[in-house]
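K.L.:
One structure is given below, represented as structure tokens, and several questions about it will come after.
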Amino acid sequence: MDGSMSARENQLRRLQLAQGIHRVVIDTDTFNEIDDQFALIYALQSTESIEVEGIYAAPFFNRLASDARDGMLKSYGEIVRILELLDRPAAGLVYHGSEGFLEDPKSPRGSAAAQALIARALQSTGEPLYVIAIGALTNVASAILMEPRIIENMVVVWLGGHALHWPHAREFNLQEDLWAAQLVFNCGVPLVHIPCLGVASHLQVTLSELATYVKGQGRAGDYLYETYANSQEDHFGFSRVIWDIAPVAFLINPEWVRTELQPSPILTDQMTWSVDAGRHWIRYAVEVNRNAIFRDFYEKLRSSGSTRTLN
């Protein structure tokens with residue numbers, strides 16, 4: 001009994017958000033959607049809370065890529081483009097990720113990103129390394145398979161799947177690499193899970209709002225505005241979810257992304273959630289403060305872009 005309580009107390013301790021500036025790496029399929037760009041810029045502009053130590057290109061495969069490797073390479077290029085807009089050097093910061101998804105639940109996909117994550121995590125002493133994951137978990141899962149000790153030194157903050165009460169968990173980040181997602185939920189790594197539908201789906205924004213608060217805020221602001229505008233032909237009555245800023249917001253102010261401690265759910269092969277109260281703890285997001293998050297993002301973009309003021 002004492003040993004069990006000690007293990008549980010240790011899990012809870014590791015799930016407490018550290019104080020001060022958080023050491024962060026970001027794993028992102030940046031070319032897949034338009035929200036990764038928002039998240040990257042948000043993290044890089046939040047220097048009071050976040051120190052970005054690495055950015056890893058994650059694989060993806062949809063109509064924008066000929067295969068997972070092409071998706072990863074396009075994401076790598078998009079990361080470099082974002083850094084150029086912010087006048088940030090990419091050398092030593094950006095790494096190519098896996099060229100495909102896991103082909104076996106026990107066999108990693110080696111990559112420069114996985115090796116960089118292992119090295120960075122093993123160097124961590126005291127405060128953990130936070131891994132903001134906003135794509136398929138291939139790079140993260142591969143690093144854990146290659147060097148399981150890193151789970152003692154890091155916390156994964158992942159946006160993926162849907163809320164536990166949803167009838168299924170089939171969401172792009174999750175279903176792109178189901179085996180990788182299952183590994184992260186099963187291995188005991190400290191995890192902050194931010195679901196898409198039911199939680200992050202409240203982070204809606206419109207073109208008119210971006211025209212007021214994003215357009216004209218430097219090269220990065222104009223790029224985000226144009227990317228959003230070009231993503232939809234008809235913007236009348238239309239809003240879009242900027243999902244991926246949620247994990248960044250959690251590290252800036254956890255009150256903006258309210259979480260609860262939950263036993264890690266079982267992710268089934270059918271991409272549904274099952275519950276076992278005896279499993280290790282994770283943090284599970286149940287609510288986002290949409291207004292506070294977007295206001296903070298706009299303020300940071302404004303301060304780095306121009307002197308336009310908020311109303």
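The values are calculated or read from the model by the stated rules, or taken from the named source; none is laboratory data. Remember, predicted model here, so these are calculated numbers, not experimental data. Here Cβ is always computed from backbone atoms with ideal geometry, including for glycine, and neighbour counts include all displayed protein chains. With ligands, DNA and RNA removed, areas are computed over all heavy atoms of the protein, side chains included. Shrake-Rupley method; radii C 1.70, N 1.55, O 1.52, S 1.80 Å.
K.L.:
Being under 11 Å from the mean Cα position of the chain (by Cα) and among the polar types (S, T, N, Q) is the filter here, so list the residues in segment 28-44 that pass it.
P.N.:
T28, T30
K.L.:
Can you name the residue in segment 189-210 that is assigned to a helix (DSSP H, G or I) and open to solvent by 10 Å² or more (accessible area, probe 1.4 Å) and, of all such residues, is nearest to D276 (Cα to Cα)?
P.N.:
Top of the filtered list is S201.
K.L.:
Does any residue in segment 164-176 that is among the aliphatic types (A, V, I, L, M) and modelled with pLDDT of 95 or more come within less than 7 Å, Cβ to Cβ, of a residue that is open to solvent by less than 20 Å² (accessible area, probe 1.4 Å) and part of a loop (DSSP other than H, G, I, E, B) six or more places away or on a different chain, and which pairs are these?
P.N.:
So the pair list comes out as L164/P265; A169/G161; A169/H162; L174/G160; L174/G161.
K.L.:
Could I ask something else about it? Answer with yes or no whether N186 is closer than 17 Å to I282 by Cα, at pLDDT below 95 and either among the charged types (D, E, K, R) or open to solvent by 10 Å² or more (accessible area, probe 1.4 Å) (or both).
P.N.:
Against the criterion (closer than 17 Å to I282 by Cα, at pLDDT below 95 and either among the charged types (D, E, K, R) or open to solvent by 10 Å² or more (accessible area, probe 1.4 Å) (or both)), N186 does not qualify.
K.L.:
Failed condition for P148, given (1) farther than 15 Å from V199 by Cα; (2) out of contact with any Pro (no Cβ under 6 Å at 6 or more places or on another chain); (3) open to solvent by less than 40 Å² (accessible area, probe 1.4 Å), with all others met?
P.N.:
Among (1) farther than 15 Å from V199 by Cα; (2) out of contact with any Pro (no Cβ under 6 Å at 6 or more places or on another chain); (3) open to solvent by less than 40 Å² (accessible area, probe 1.4 Å), the lone unmet condition for P148 is (3).
K.L.:
While we're here: Might you check whether a residue that is open to solvent by 10 Å² or more (accessible area, probe 1.4 Å), farther than 30 Å from I282 by Cβ and in a loop (DSSP other than H, G, I, E, B) occurs anywhere in segment 214-230?
P.N.:
Yes, that holds for at least one residue.
K.L.:
Hey, W243 hits all of (1) touching a residue at least 24 places away in the same chain (Cβ under 8 Å); (2) surrounded by 14 or more Cβ atoms within 10 Å (Cβ to Cβ); (3) in a helix (DSSP H, G or I) but one; which does it fall short on?
P.N.:
With respect to (1) touching a residue at least 24 places away in the same chain (Cβ under 8 Å); (2) surrounded by 14 or more Cβ atoms within 10 Å (Cβ to Cβ); (3) in a helix (DSSP H, G or I), W243 is out only on (3).
K.L.:
Criterion first (crowded, with 18+ Cβ neighbours inside 10 Å, out of contact with any Gly (no Cβ under 6 Å at 6 or more places or on another chain) and in contact (Cβ under 8 Å) with a residue 40 or more places away in the chain) does I266 satisfy it?
P.N.:
Criteria not met by I266.
K.L.:
Against the conditions (1) of a type outside the set (K, R); (2) within 23 Å of R120 (Cβ to Cβ); (3) surrounded by fewer than 16 Cβ atoms within 10 Å (Cβ to Cβ); (4) touching a residue at least 24 places away in the same chain (Cβ under 8 Å), where does E53 fall short? Just the number, please.
P.N.:
All conditions pass for E53, except number (3).
K.L.:
Sort out for me the helices (runs of 4 or more DSSP H) sitting completely within segment 1-109 that have 1 or more residues that are among the β-branched types (V, I, T) and at pLDDT 95 or above.
P.N.:
Numbers: elements: 2-14, 35-44, 68-85.
The helices (runs of 4 or more DSSP H) meeting that bar are 35-44, 68-85.
Here's the yes/no breakdown for (1) crowded, with 18+ Cβ neighbours inside 10 Å; (2) over 30 Å from P148 (Cβ atoms):
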| residue | (1), (2) |
| --- | --- |
| M72 | yes, no |
| G77 | no, yes |
| E84 | no, yes |
| R88 | no, yes |
| L102 | yes, no |
| P108 | yes, no |
| A116 | yes, no |
| A119 | no, no |
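K.L.:
Would you check if there is a residue in segment 149-157 being touching a residue at least 12 places away in the same chain (Cβ under 8 Å), assigned to a loop (DSSP other than H, G, I, E, B) and closer than 25 Å to A18 by Cβ?
P.N.:
Yes: segment 149-157 contains one or more residues that are touching a residue at least 12 places away in the same chain (Cβ under 8 Å), assigned to a loop (DSSP other than H, G, I, E, B) and closer than 25 Å to A18 by Cβ.
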